[in-house]
Each structure stands twice: as structure tokens, then as C-alpha cells.
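The structure appears below as C-alpha cells.
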Amino acid sequence: MSKHRYWFSACMALTALLFVAHHFYTRAGASELSTSPQAYKFLTTPCWFDADWTAEIRCGELHTPSASGAFHLPVVILKDETATRRKDPIVYLQGGPGAGARLHSDGIKSWLNWMRYAALGRDIILIDTRGTGRSSPALVCAEYNRSNQQMLREHASLAEELASGFDVTRTCFDAAVARNPALDYRHFSTRQSASDIRALMQLLDYPEWNILGVSYGTRLALEISYQESLQQQPTKLKAMVLDSIYPAGFGGVQTWPQVLDEAMHKFFSGCAAQPECINALGDSNRSPLELFMGALDSLRESPIELTIKRWDGEAPVSFLLNDHRFLSAAFAATYTPRDWLKIATAIKGVEEHNREALKPLIEPYVNQSMSEDFNSLTFTAVDCSDNPVMNEMDYLALVNQYSLLQNYTRDQWRYQLCHHLVAEAPLQSYQPYVPTLILAGELDPVTPLEWAQAVHSKWKNTQLHISQNTAHSVLSSEACLLQSLVHFYDQPAATFERCMEEDR
């Protein structure tokens, strides 16, 4: 999930201008499955990327009804070519909200490698949902990007960044709707995307189909399952795997004080138990917590200017590292325990004013924040469409309860854009009615294990697998577990048994 880039500060919302379609590909000969202006239709198109053309790949666009924005959503189907190919494909749902499916040359190469390695024996269906990747109309705002990049070079307090981000983002949404009514934030909800994907699968006409959702993709999967349960005819949805579950009613500003507090405490205790991490801190007389808070105090008074290399080949960027930007980068690194050493090294780097020691933590953070594969405006639109705004007094009570970093969480409620983009009917979470496997990482800082345990205890049709010493996105860390999913999809009602590493 990439939501920390918005909640934490305005500068982190620079996470990406949408990858606006600078492509124009021919639609000559495209097959139109419906001509009604109120209906969905799927067009088969030439693929727009370079790839391994020994692989069988089908490309197209899903056109949504005009009443909900008339979006064009790119779709890529990677065909399984093994002799044991099953007829029930897997729809892969990305995290975010706001993350595209990476339907470009580098992304498709990665997907093909992933597909062959996972060996799930099924076609993989990928889609850029509304406001992500190559989808159009595009939710973009040049002023939003300029403002955030300028802010990164200035020593502004968190409140100043949040206030500036609120004003700029609100103006961008208002201007977007004035330019094109389809860009109304309510057209970017989870409900809308669920309807889109259900329509796509009806048009593709597979006999059955499955879902693999990660992080926010699990919320979208649950809404798809709920909508399928309301239809009159029997559903073709067969089974779901939900990795790092993020259901409606969880997450958002209302849980931010707790999520941030618990994520950092997991790092502090985990680092204290690892000799390598303690050695990187270089001070055995003070705890990781004390050293981290000292680094924040130091950066609040004396920010450090860095020149950060761009991974996309663009010119390096200037980045002024202050206290709240350091906290945000550290929180991002808690997603993966193998990155904890980077946090420890950076804490020591702050103390020594060593810029090179800071870069292993800051360089990935800045580059991921500027990635074209993520759209922060779409994140905001979906999150506000899905979630009600929590009462301020209740929020401040949470801030006081999780008080370690209260100076960095107190102003979040005031500057959330959902005061302006109001949820008319907040999304509800319903238990899945098809067999569902929930995967949870014991150390997950952003979709905590407790969320998975809470819903699993109430949902009868689910199995829960907990991965030890793993954080967010379990399948990206456990290859053996990924390769075990073929058995779940083959027999989703059976008790799931993951492979053991020594068995492979």
C-alpha cells in the first residue's frame, strides 16, 4: 500500500503524476462487443509495449459507461502456455489505491517472469483501473507536481506542508472537474472499479475466474465478491487470495496514529534484537528509540540537503531532509524487515552529518515517491470516496493514546482532503462468499496482522496463513508460498498447506 505518501505530508504526495497516455495506437479491426452508450464494451487492440513476443499476450481496452465517466481502461492478458493450463484465469489487483498495473515494457517483462516463476497454470489478467497507469481520462495536475517538488527543497514544518498540500490538491480536483466532469472524484471509488472488473470478466467470458489481491487490491476484491453475491445468476468467481488485507473500515486517517506508532515500535524492538542493526547505530548506551528521536530533534533544527540520483535517468533532484521527511522515509522502510538496517544506518548518518550514509534510505524513498506507476491524486479520490471523515475529538483521543509521535500525527485530521471530497455512501466490508485465503505478515506495519485476525475470526469462508518474520506483501517475500497457490486455486475448499522450502 502506498497510502503513507499522502497521509504523512504534502511533499510525499508528489508520488507520481499519472502516466498520461502519450501513446496513440490504432484501433482498426477492433472487436466491439456492445454498442449501447450505457453498456461496457471491450476492444481488442494491438499491444503498445515491447515484450518477449514468444509469449502469447492479448491486449485491449475496457470502455466504461458514459454515465460513470466513459473511461478507457487498458487490459493485458498473459496467456499461460503450459500443457496443464487451467481454464480459470487469475485477475491480479494492485495495491494503492492509485497504483497502476505497470503495463509498459519493463512492467510486462517483470510480469512474464513472475508468471513463469509462480507457475500458477492460469492466464493472468492485468488492468489499469480508473486514474492509474494508461487509463483515460487522466487525473493529472501540473501545479500539484510543481508545488510538491518545490516544497521538497524548502525547510517547511509538517503543518505548513500539509496546509499547502491541502490547498493545491483541492484546487486541482476542482479544476479537473471543470475541465472534464468525468474526473469527479466519485467516479474513482472502489465500487466503480469493482463494477468495471466484473464487467470485464463477463465480456471475456471465461467459464470461471479467480482473484489475487494485494493490500488495497484486497479491498477491491472484497467489493467485487459482494457485488457478485447480489446478482441473480450464479457467479463465475471461484476463489480469492488476499495478501495483506485492507478491508473497508480499516486504515485511513482514523488509524494513522496507531499504525505509525506500532510500525516504529516494531522497528525499535526488532532492531534491538539484531546485532547487525545495533552495530549500525553505533551507540550501545542508548536504545534505538532514543537514537531515532534524537535524529528527529537534530533534523528539526538542522536539515540536511541531499542531491538524489533519479532512477529514471532524469536530472538529480535536490531534497532537504528534515525531521518529518526522515520519519516518513523510515516508516516506508518498515514495510520490509530487510530494509531496517537502512534506517539504523541513516540514524547514525544524521548524527555524523554523513550524507552518503543517508542515501540508502532516502534514495529509494524519493524515487518511489516520484514513480509514474503511482498516482497520489487517484489515491486521494478513492480514499475519500470510500471512507467517512472521523470525528475530530475521536481522532485526537487516538493521538493521545498513541502519543510517541503525536507531533507528527496531530494535524493530519485537519488537513485531510476528505473534508472537501466527502464520501456520500462510505464503503462497507462484507465477508467473501467464495473460498478465500488470507495471507498476513507477522511484522506488517501498514496492514497489521490484527486486521487479518479480526476479519478471519468473523468470516466463515476464509483460511488464514500467517508468515513469520515477514511484513507487508507476503508473496513478494516468500517464493515458496507463492508457488503453493496453484494448489489453493485448484481446490479452494480444501485446507491450504503451503510448501516447505526444503521440499522445493
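State all residues of the stretch 365-401 that are farther than 25 Å from Leu139 by Cα and of a type outside the set (A, V, I, L, M); if no residue qualifies, say none.
Asn391, Glu392, Asp394, Tyr395, Asn400, Gln401
Each residue in the stretch 412-443 was checked for being under 19 Å from Ser244 (Cβ atoms), crowded, with 21+ Cβ neighbours inside 10 Å and among the polar types (S, T, N, Q), and 1 of them qualify. Pairing residues of the stretch 64-92 that are within 18 Å of Asp490 (Cβ to Cβ) with residues that are assigned to a loop (DSSP other than H, G, I, E, B) and among the aromatic types (Phe, Trp, Tyr), at Cβ distances under 8 Å and at least 6 apart in sequence or on separate chains, gives Lys87/Tyr206; Asp88/Tyr206; Pro89/Tyr206.
Any residue that is in a strand (DSSP E or B), at pLDDT 95 or above and crowded, with 24+ Cβ neighbours inside 10 Å - is there at least one of those in the stretch 174-196?
As a first pass, look at the stretch 174-196 and keep what is in a strand (DSSP E or B): none.
Within the stretch 174-196, not a single residue is in a strand (DSSP E or B), at pLDDT 95 or above and crowded, with 24+ Cβ neighbours inside 10 Å.
Take Glu424 and decide whether it is touching a strand residue (DSSP E or B) at 6+ places or on another chain (Cβ under 7 Å) and among the acidic types (Asp, Glu).
On the way: touching a strand residue (DSSP E or B) at 6+ places or on another chain (Cβ under 7 Å): no; among the acidic types (Asp, Glu): yes.
The answer is no for Glu424.
Of the residues Ala344, Ala397, Ala357, Ala330, the single one that is at pLDDT 90 or above, surrounded by fewer than 18 Cβ atoms within 10 Å (Cβ to Cβ), part of a helix (DSSP H, G or I) and among the small types (Gly, Ala, Ser) is Ala397.
For first residues located in the stretch 293-312 and closer than 18 Å to Arg153 by Cα and polar (S, T, N, Q), partners that are in a strand (DSSP E or B) and at pLDDT below 95 and lie 6+ apart or on another chain with Cβ distances below 7 Å form the pairs Thr307/Ser318.
Given the options Arg130, Arg58, Arg86, name the one that is of a type in the set (D, E, K, R), surrounded by 14 or more Cβ atoms within 10 Å (Cβ to Cβ) and within 19 Å of the chain's Cα centre (by Cα). Write out each step before concluding.
Values: Arg58 fails: within 19 Å of the chain's Cα centre (by Cα); Arg86 fails: within 19 Å of the chain's Cα centre (by Cα).
Only one candidate passes the filter, namely Arg130.
In the stretch 403-415, the residues that are at negative phi and free of Cβ contacts under 8 Å to residues at least 24 places away in the same chain reach residues that are assigned to a helix (DSSP H, G or I) and of a type in the set (Val, Ile, Thr) with C-beta atoms within less than 7 angstrom, at least six apart or across chains, in these pairs: Arg410/Val399.
Exactly one residue out of Val382, Val446, Val389 is touching a helix residue (DSSP H, G or I) at 6+ places or on another chain (Cβ under 7 Å) and outside any loop (DSSP other than H, G, I, E, B), and it is Val382. Figure legend. Inter-residue proximity from the stretch 229-242: first residues at pLDDT below 95, second residues acidic (Asp, Glu), beta-carbon distance below 6 Å, spacing 6+ or different chains. Indicated pairs: Thr235/Glu228. Would you pick out the residues in the stretch 266-323 that are more than 26 Å from Asn407 (Cα to Cα) and assigned to a helix (DSSP H, G or I)? The answer is Pro275, Glu276, Cys277, Ile278, Asn279, Ala280. The residues of the stretch 197-225 that are over 18 Å from the mean Cα position of the chain (by Cα), within 20 Å of Leu485 (Cβ to Cβ) and part of a helix (DSSP H, G or I), listed by number, are Met201, Ser225.
The values are calculated or read from the model by the stated rules, or taken from the named source; none is laboratory data. Please read these numbers as outputs of a predicted model, since none were measured by experiment. Every residue, glycine as well, gets a Cβ built from its backbone with ideal geometry; the counts of neighbours run over all protein chains shown.
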